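The structure under discussion appears below in the form of structure tokens.
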Amino acid sequence: MMGAARSRLASMEAEFLRSLASGGPFAAGSDRRGMQATAQLLWAKRVRTMARAWPELAAVLGTGLVERAAEVLAGTPLSSGDHAVQDGFIVASQLEAAGPIPDGLRLKLLATKLHHRWKQGQLAHRTGPAVGCTYLRQSRRFVCALRLPGFQPLSVSARLPDVSPMAR
Amino acid sequence: MMVSLGLGIGWRPELALAIERREALGFIEVTAENVQLDDIPPALTRMVTRGVPVIVHGLSLSLGGAERPDPRRLDHLARVAERLCARLVSEHLAFVRADDMEAGHLLPVPRTREALEVIVDNVAWARRLLPFPLALENIATLVEWPGAEMDEASFLAELLGRTDTGLLFDVSNMYANARNAGWDPVSALARLPLDRLAYVHIAGGAMRDDLYHDTHAHPVGAGPLAFLEELCSRIEPPGVMLERDDAFPRGDELGAELEAIRQAIARGAARRMGSPTT
């Protein structure tokens, strides 16, 4: 009895949430205006929480953040973990792959990789030690960082020497 | 259900300083999902040390979901409550995930007898694993499920009665739902189990595209304040608290908002006792 009721509720709620996440189509007989408004609310909240967790992204993309997030995150379900961190990580990684990004964003990516790793299709907290390095193009520095569980991450950086052709 | 808490506020890191500076604060409510047990903000610890009563509030149990709440989430809620010396834990009558998808938002449940049976079982399960009293909150929603067999107040009343839980009554949420769907929130008060009232939420909102949004980012408006006054004309709430989650105001603006809430409570109390407002 309870099993059947749970199964029906599961199916109803999954369909409800799926149609909200995709912005429609909405089931016949549903409150279409309410569903539309809720779908917009969910999306706006998703972008807002991502922007709050990743101010470096908003600094790079400005008002283009919403459009970029829509391009990159469309069809990506919300993570069951820290979805704001994951969404920002996906958008920032895509930006990094497309071209140079500011040092601040690159450092944020490094810090996120020190604390998280991909596990079963989503960003999960690391429980073990992690090490990572990145090159900061603007300040011409290599940064390497080590994180041990229970301790603040340690980092060292070195500026690249200026290299210019030798005068003959 | 509870001793008197007075006037409180939802603790947020952005408001920590303004909250700490308030001497006459009845209580604070802390969101469990925002607390890491190995990294509790010192400002929050100071409030606990000062003896300010704490209520721990959950967002992610999904008590209205098709599955029983995750014991790990319940354990986190209980451990946060224990660390903050909380008196009470509260959660929402809502679902937040289904079929491995997260909503990132509180969503309404279908108000059917069959769904009620599942939710009663979920809440009973949560109560068995939580060593704290539990209060359930009504949510704001822009959408209604088709085929509702009960109205919001009746559904909530039956759930609370069958699970022996308290009522966290969000006056702004009910005001928003009533305004958007065109029903009278004041008449719904008669169907709510006000004898189970644990405490009250109030927050600001704004109109957008002909719908009232309970934003928690605007000052509390006249509508929710009037509805709070109506509530207080019927019963003395054990506690009332302001929720603010965005566009955080300065300390003096926050103080003015709390004062407006206090005045609404006082007007309601004066009506209840048949005396003019002071």
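Just so you know, all these numbers are worked out from the coordinates, no wet-lab data involved. If you're wondering where the values come from, they're calculated on a predicted model, not measured in any experiment. Ideal geometry is used to build each Cβ from the backbone, glycine not excepted, and the neighbour counts take in all protein chains shown.
When the helices of the protein assembly as shown are scored as -39500 (n - 2.57) per DSSP H run of n ≥ 4 and the total is divided over every residue, the value at 222 nm lands at -14000 deg cm²/dmol. For the protein assembly as shown, the list of Cys residues with no other Cys C-beta under 4.7 Å reads B:85, B:232. Computed over the alpha carbons of region B:6-272, Rg followed by Dmax gives 17.6, 50 Å. Calculated from the alpha-carbon coordinates, region B:11-159 shows an Rg and a Dmax of 16.5, 49 Å respectively.
Once the mean of 1/r is taken over each pair of separate Cα atoms and inverted, chain A shows a Kirkwood hydrodynamic radius of 18.9 Å. Could you tell me what % of all Cα pairs in the protein assembly as shown have separations over 29 Å? Roughly 52 percent, rounded to a whole number.
Label sites at residue B:190 and residue A:97, each approximated as a point 7 angstrom past Cα along Cα to Cβ, lie 6.1 nm apart. Peptide packing: for A:23-36, B:8-21, the average count of neighbouring Cβ atoms within 10 Å per residue gives the ranking B:8-21, A:23-36, highest mean first. Dipole check for the protein assembly as shown: with +1 at the C-beta of Lys and Arg, -1 at the C-beta of Asp and Glu, and the Cα centre as origin, the magnitude is about 1480 Debye.
Here's how it looks for residue B:102: its modeled amide H is under 5 Å from those of A:78, which are all 5 or more places away or on a different chain.
Working from label points 7 Å from Cα in the Cα-to-Cβ sense, the residue B:233 to residue A:70 distance is 4.6 nm. Centroid-to-centroid, using Cα positions, region B:132-188 and region A:6-57 are 21 Å apart.
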